[in-house]
Amino acid sequence: MATTTVPTPNPKVNRLGLPILDYRGGKTTLCAGCGHNAISERIIDALYEMGVKPERVMKLSGIGCSSKSPAYFLSRAHSFNSVHGRMPSVATGALLANKTMMGLGVSGDGDTASIGMGQFVHLMRRNLPLIYIIEDNGVYGLTKGQFSATADLGSKLKTGVINDLPAIDTCSLAVQLGATFVGRSFSGDKKQLLAMLKAAISHKGTVMLDVISPCVTFNDHEGSTKSYKYMQEHEEAITEVGFVPHFEDIAVEYDAGSTYDVTMHDGSHLRLRKLHESYNPTDRVSAVKALMEAHERGEVLTGIFYVDTQKPSFTEMLNTVEEPLATLPQERTRPSKQVLDEVMNRLK
Ligand SMILES: Cc1ncc(C[n+]2csc(CCOP(=O)(O)OP(=O)(O)O)c2C)c(N)n1
Ligand code: SF4
Ligand SMILES: [Mg+2]
């Protein structure tokens, strides 16, 4: 009997020849509808579309529902789940020891702005080449929804408790402290978040992205300023973000006067369509002013507030070796006998 073989369609692959499946992780154990799940999906899309080799990525996190999420993307990457709020020092050590890797840190608003604040501020001023994402829900989701330091003054918990302390704005802080790519997005804004993540992958310095990510279990009710409803009503995009990777040879089209085109380190283009005519993403003072003014108006500003592609990264400043320390041969890690003798003689 003649048999017919039905050809299996080739799965869609990226420029490395990898299907999107290779960028996925374990099945999420977070609540259905949690904003953190949507962020994991966008991270998967961005790494796949940018053709980043999964084994070249180190995923780093602290403690919290958000910090669990690296388990739900990129199974083939390296991963380190640190002590609460201490991911920046682990990331610093790891990237100084091996700058061939791409560092991707996921933290929460509690992990960053409460227990981890001391580490966060020093990370921002060093310009370590790390993508640092805060999945910001205004609460400690994992420990049942207490207010975090990013909760807005006057916002209300499910239990009726009102927050009477002002919020820390992690974006203003990051800009002031020296991060070189700072933005805010919303987990529900697929297009904006994906474009921002793709641009972040091309940046060579500290990327700080604060992504508002509603906690559906403890902070998605009337009175919360980090709920889906509140964000849909109060999100104001400062710039429309477009991103053209370097390997896609597409001419960047834009209308003079209404867009701002930033050339990234690898030649990619980050195109910001200005919705606010006066907005200049290379001016730190305007970035902080725009953030503070929006806050006064009760709006949540989203977009890329600040980009600096000129400042040297921490690994460039320290002139760390190109090769991973772990595989450097002994003769390059240990001074020769002659050098040691010279040192000893000088100390005599
Ligand atoms: C040293 C230490 N202190 C306190 C805790 C308890 N704890 C676990 S997660 C967490 C807060 C997490 O909040 P966030 O970073 O916002 O993550 P989310 O769960 O909201 O995503 C706290 C206080 C801990 N694990 N370790
Ligand atoms: S408790 Fe909140 S932050 Fe944690 S998984 Fe559920 S919805 Fe997400
Ligand atoms: Mg939180």
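Note on the chain: with a GNM built from Cα contacts shorter than 10 Å, the maximum mean-square fluctuation among Gln330, Gln232, Gln310 falls on Gln330. Taken per residue, the accessible surface of the chain reaches 49 Å², heavy atoms only and a 1.4 Å probe.
Within the listed set Ala32, Ala71, Ala237, the Gaussian network model of the chain (springs between alpha-carbon atoms below 10 Å) gives the highest mean-square fluctuation for Ala32.
In a DSSP loop and with at most 15 other Cβ atoms within 10 Å, the GluC sites (Glu not before Pro) in the stretch 286-333 are Glu299, Glu322. Fraction of C-alpha pairs exceeding 22 angstrom in the stretch 23-124: 28 percent, rounded to a whole number. Extension gain, Lys12-Thr100: 0.36 nm per intervening residue step, less the Cα-Cα distance, totals 28.9 nm.
With the convex hull of its Cα atoms as the shape, the stretch 253-348 has an orientation-averaged projected area of 12.1 nm². Looking at the stretch 117-215, the trypsin sites (Lys or Arg not before Pro) that sit in a DSSP loop and have at most 11 other Cβ atoms within 10 Å of their own Cβ are Lys144.
Here the Gaussian network model covers the chain, with springs between Cα atoms less than 10 Å apart; of Ile20, Ile201, Ile44, Ile20 fluctuates the most. Is the C-alpha gyration tensor of the stretch 123-264 telling us rounded, prolate or oblate? Criteria: a/c under 1.5 is rounded; beyond that, a/b larger than b/c is prolate, otherwise oblate. Cα axes put the stretch 123-264 in the prolate bin. Just so you know, the Rg over Rh for the chain is 1.03, from Cα atoms, with Rh as the Kirkwood radius.
The residues packed around Gly205, meaning those with a beta-carbon under 12 Å from its beta-carbon, carry a net charge of +2 if Lys and Arg are +1 and Asp and Glu are -1. Counting only chymotrypsin sites (Phe, Trp or Tyr not before Pro) that DSSP places in a loop and that have at most 15 other Cβ atoms within 10 Å, the longest clean stretch of the chain runs over 1-246.
Amide H contacts of Phe243 (H built 1.01 Å from N, in plane; Pro and chain starts excluded): Arg271 sit under 5 Å, all sequence-distant by 5 or more or on other chains.
Can you work out D for the stretch 125-194 in µm² s⁻¹ from Stokes-Einstein, where Rh is the Kirkwood radius over C-alpha pairs, the temperature is 25 °C and the viscosity is 0.890 mPa s? The calculation lands on 176 µm²/s. Within straight cross-link reach of Lys190, meaning Cα distance under 22 Å, which lysines are found once same-chain residues fewer than 8 apart are removed? Leaving aside lysines fewer than 8 places away in the same chain, those within reach of Lys190 are Lys12, Lys27, Lys59, Lys68, Lys198, Lys226, Lys229, Lys274.
Taking R0 as 45 Å, what's the FRET efficiency between Asp283 and Lys144 from their Cβ-Cβ distance, rounded to 0.05? Calculated transfer efficiency: 0.60. Think of it as helices only: each DSSP H run of n ≥ 4 in the chain is worth -39500 (n - 2.57), and spread over all residues that comes to -8500 deg cm²/dmol at 222 nm. The share of accessible area on the stretch 1-112 that comes from carbon and sulfur is 61 percent, using a 1.4 angstrom probe.
Ranking Gly51, Tyr23, Thr112 by how far each Cα lies toward the positive end of the dipole of the stretch 3-128 (charges on Cβ) leaves Gly51 at the top.
The values are calculated or read from the model by the stated rules, or taken from the named source; none is laboratory data. Source: prediction; values computed, not measured. For neighbour counting, all protein chains shown are included, and Cβ atoms are generated from backbone atoms with ideal geometry for every residue, glycine included. In case anyone asks, the SASA skips ligands and DNA or RNA and just uses the protein heavy atoms, side chains included. Shrake-Rupley method; radii C 1.70, N 1.55, O 1.52, S 1.80 Å.
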